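**Student:** Provided herewith is a single structure, encoded as structure tokens, for subsequent inquiry.
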Amino acid sequence: MTTVYIDESGHSGDMINSGNAYDFKGQPYFALAGIGLEDGHDWEDRINELRNRHRIPAGELKSKSLTAKPRFSAEVIHALLDQRAPLFIEVVDKRFFICTSITSFQLLPPCLGYPESMQFHFIKNTVADFLFFHASERVLDTFVASCLAPGDATLRASFAMLRDMATDRGFTGSAAQIAQGVAHMVQEVEAEYAEQREKGSEAWSRFLPPPDLNKHAKQVWMLPNLTSFTSIYARMNRYYGRRLAGIRLVHDQQLEVENILRQGKMTAENLSNSVDLPYTPQSDYRFEEEASIEFAQSHEAIGVQLADIVAGSVMRYFRDTDAGTPVSNELREAIMRLIGEGDERRGYGLNQVVATANVRHEE
């Protein structure tokens, strides 16, 4: 049996919890790692060998406490790659994630009925890239406000701010062309919203990402945990050829969002009944079988600790290289190998949810 252990790094809450000037409290990236380990392979012994070599004391392995031991973390990644362990990792630029939400729910919302396709996927990415590099904090603030206080006034304000941005005369070249396209999209969604308002109340809800409820019944918006988790699950479905029965998911215990993740898993599985599945070339949302899921404390499972090390290493690599902070050669080489050995056709490796211009490639 294969068990896929899952843990995260860079969690700062939902996307509404954006910090000052969208710095996300010093954590601009979120990473989620799924590490597949086969029964019978004693990873405890392999990791203990590495611990002894790097003089790491006994106890739970935590990525945060290993920042001064980048060579150890790099060797963990190399060991997993050497064993061809199933690896499913997501790294998310949180600002870009907000831009994809604006694109998917306010500029090109599902209610407009555009069919999923490679071309539509390209258009959405192009618009999200444009927003990432050109949307001001005011644009993001107004969108966030439309989520925090959903209603007619806040949605109209978000549309107006997007229209003002898109009609700015300061754009040149390809950016000017994309801005014209965005201005047209705003016209389209405002007209659609006007029609929806005449049909019934709460029409604004069709132009916002659906919120989730945590264990305190409090709304949380645009959780990167949830989208990354469902993406990993759909990538697993592709990797294992839709044969997930008998595969076990073990996620690090997170009391705040366990129910949300369980519901997200069920929602992904039920997408199989949809004719118009999302276009995601690295994953497969047509589920024929289901993996089991459980939650465990990290100190109880070496697999969760390995997932934590991988997620933390990936998150810090992206964060530090963006900030110009030096990254050890050993860790850089390990991340580059992880990127280089990825296989999108099989769903294997590292999926980068970042602006196209910021995608890292093997050096």
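The values are calculated or read from the model by the stated rules, or taken from the named source; none is laboratory data. Keep in mind the model is a prediction, meaning the values are calculated, not measured. We place every Cβ from the backbone using ideal geometry, glycine too, and count neighbours over all the protein chains shown. Please note that ligands, DNA and RNA were not included when accessible areas were found on the heavy atoms of the full protein model with its side chains. Shrake-Rupley method; radii C 1.70, N 1.55, O 1.52, S 1.80 Å.
**Student:** Hey, can you find the accessible area per residue of the range 2-121 for me, probe 1.4 Å, expressed in square angstrom?
**Tutor:** Accessible area per residue: 41 Å².
**Student:** What fraction of the DSSP beta bridges in the chain is antiparallel, stated in percent and rounded to the nearest 5?
**Tutor:** The answer is about 55 percent antiparallel.
**Student:** Place +1 on the Cβ of every Lys and Arg and -1 on the Cβ of every Asp and Glu in the range 213-363, take the dipole about the Cα centre, and give the residue among ALA234, VAL310, THR321 whose Cα lies farthest towards its positive end.
**Tutor:** Farthest along the dipole direction, towards plus: ALA234.
**Student:** When the dipole is taken about the Cα centre of the chain, and only Lys, Arg (+1) and Asp, Glu (-1) are charged at their Cβ, what size is it in debye, to the nearest 20?
**Tutor:** Values: 37 positive and 50 negative charges, 89 e Å.
Roughly 420 debye, rounded to the nearest 20.
**Student:** Once you compute Rg and the Kirkwood Rh from C-alpha atoms, what is the Rg to Rh ratio for the range 288-363?
**Tutor:** Using Cα coordinates only, the ratio equals 1.03.
**Student:** How big, in percent, is the set of alpha carbon pairs in the range 211-363 lying more than 18 Å apart?
**Tutor:** Of all Cα-Cα distances in the range 211-363, 65 percent exceed 18 Å.
**Student:** Remind me, relative contact order of the range 159-208 in percent, using alpha carbon pairs under 8 angstrom and six or more residues apart? All intermediate terms of the calculation are to be shown ahead of the outcome.
**Tutor:** On the way: 21 pairs, mean separation 15.7, N = 50.
Result for the range 159-208 is 31 percent.
**Student:** Right, something else. Only helical DSSP H runs with n ≥ 4 go in: add -39500 (n - 2.57) per run for the chain, normalise by residue count and round the 222 nm mean residue ellipticity to 500 deg cm²/dmol.
**Tutor:** -15000 deg cm²/dmol
**Student:** Could you tell me which of the pairs LYS94/LYS199; LYS62/LYS94; LYS25/LYS62; LYS64/LYS265 are separated by over 26 angstrom between their Cα atoms in the structure shown?
**Tutor:** The pairs that break the limit, which is 26 Å between Cα atoms, are LYS94/LYS199; LYS64/LYS265.
**Student:** Here's something else I'd like to know. Calculate how steeply helix 152-166 sits against the longest principal axis of the alpha-carbon atoms of the chain, using the helix alpha-carbon long axis, and give the answer as 0 to 90 degrees to the nearest 10.
**Tutor:** Taking the Cα atoms of the chain, the angle to 152-166 is about 90 degrees.
**Student:** While we're on this one: Given 20 °C and 1.002 mPa s, compute D for the chain with the Stokes-Einstein relation, Rh being the Kirkwood radius over Cα pairs; round to the nearest whole µm²/s.
**Tutor:** Result for D is 100 µm²/s.
**Student:** Equivalent ellipsoid semi-axes for the range 40-127, as square roots of 5 times the alpha carbon gyration tensor eigenvalues: give them largest first, rounded to whole Å.
**Tutor:** Here the semi-axes work out to 43, 16, 10 Å.
**Student:** Taking only protein heavy atoms into account and a 1.4 Å probe, give the accessible area per residue of the range 289-363 in Å².
**Tutor:** Result: 44 Å² of accessible area for each residue.
**Student:** Mind checking the range 57-124 for trypsin sites (Lys or Arg not before Pro) that DSSP puts in a loop (not H, G, I, E or B) and that have at most 16 other Cβ atoms within 10 Å?
**Tutor:** Qualifying residues, ordered by number: LYS62, ARG84.
**Student:** Could you work out the per residue convex hull volume over the alpha carbons of the range 101-167, in cubic angstrom?
**Tutor:** Once divided by residue count, the hull of the range 101-167 is 85 Å³.
**Student:** Take every Cα pair under 8 Å in the range 113-222 that's 6+ residues apart, average their separations, divide by the length, and report that relative contact order as a whole percent.
**Tutor:** Relative contact order for the range 113-222 comes out at 22 percent.
**Student:** Helix 258-270: angle to the longest alpha-carbon principal axis of the chain, degrees 0 to 90, nearest 10?
**Tutor:** With both axes taken from Cα atoms, the answer is about 70 degrees.
**Student:** While we're on this one: Could you tell me which chymotrypsin sites (Phe, Trp or Tyr not before Pro) in the range 254-363 are loop residues by DSSP with no more than 14 other beta carbons within 10 angstrom of their beta carbon?
**Tutor:** Filter output for the range 254-363: empty list.
**Student:** Mind checking the log10 I(q)/I(0) for the range 138-282 at q = 0.16 Å⁻¹? Debye, one equal scatterer per Cα, no solvent, two decimals.
**Tutor:** Log10 I(q)/I(0), no solvent term: -1.06.
**Student:** Can you send over the carbon and sulfur percentage of the accessible area for the chain, probe radius 1.4 Å, protein chains only?
**Tutor:** With neighbouring chains kept in place, the figure for the chain is 48 percent.
**Student:** Sum up the charges of everything whose Cβ sits under 14 Å from the Cβ of ALA160, counting Lys and Arg as +1 and Asp and Glu as -1, but leave ALA160 out. Could you put the intermediate results ahead of the total?
**Tutor:** Working: positive: ARG138, ARG156, ARG163; negative: ASP141, ASP152, ASP164, ASP168, GLU190.
Neighbour charge sum, excluding ALA160 itself: -2.
**Student:** Right, next: Normalised by the number of residues in the chain, what is the relative contact order in percent for Cα pairs under 8 Å and 6+ residues apart?
**Tutor:** Value for the chain: 30 percent.
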